[in-house]
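Undergrad: I am attaching a structure below and will ask some questions about it afterwards.
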Amino acid sequence: MESRSTGPSRTSGAAARPGHAALVGALRRGARHGAPLAGTLAAHGAEVRAARARRLREEAARAAPKIQLVVALGLVPSVLLLVAAALVSALLH
């Protein structure tokens, strides 16, 4: 059986993702000192959720110009062609 001290060291490879290092550190301190983790984990969860929400807002802000580009280069010319075709058809009849 592995000792408790070797268990968290294996998770240090997972600490490559943002926020995991703090979580692993809190778990290690809790195991070492016997400190309650509820407050630490709640605060960590709130920070991770806030970071994710911030990242999603930034991605959404970058998507708006792309959507405008599709509308400007695709939808507007096609509508103009439809209007022009309708006018030509009306003039020929």
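Undergrad: Answer yes or no as to whether Ala60 is in a helix (DSSP H, G or I), more than 17 Å from the chain's Cα centre (by Cα) and at pLDDT 90 or above.
TA: Against the criterion (in a helix (DSSP H, G or I), more than 17 Å from the chain's Cα centre (by Cα) and at pLDDT 90 or above), Ala60 does not qualify.
Undergrad: How about segment 43-62: which of its residues are surrounded by 10 or more Cβ atoms within 10 Å (Cβ to Cβ) and either small (Gly, Ala, Ser) or in contact with a strand residue (DSSP E or B) (Cβ under 8 Å, 6 or more places away or on another chain) (or both)?
TA: Once the filter is applied, which keeps residues that are surrounded by 10 or more Cβ atoms within 10 Å (Cβ to Cβ) and either small (Gly, Ala, Ser) or in contact with a strand residue (DSSP E or B) (Cβ under 8 Å, 6 or more places away or on another chain) (or both), segment 43-62 yields Ala43, Gly45, Ala46, Ala50, Ala51, Ala53.
The values are calculated or read from the model by the stated rules, or taken from the named source; none is laboratory data. Everything numeric here is computed off the predicted structure, so don't read it as measured data. Neighbour counts are summed over all protein chains in view; Cβ atoms, including those assigned to glycine, are modelled from backbone coordinates with ideal geometry.
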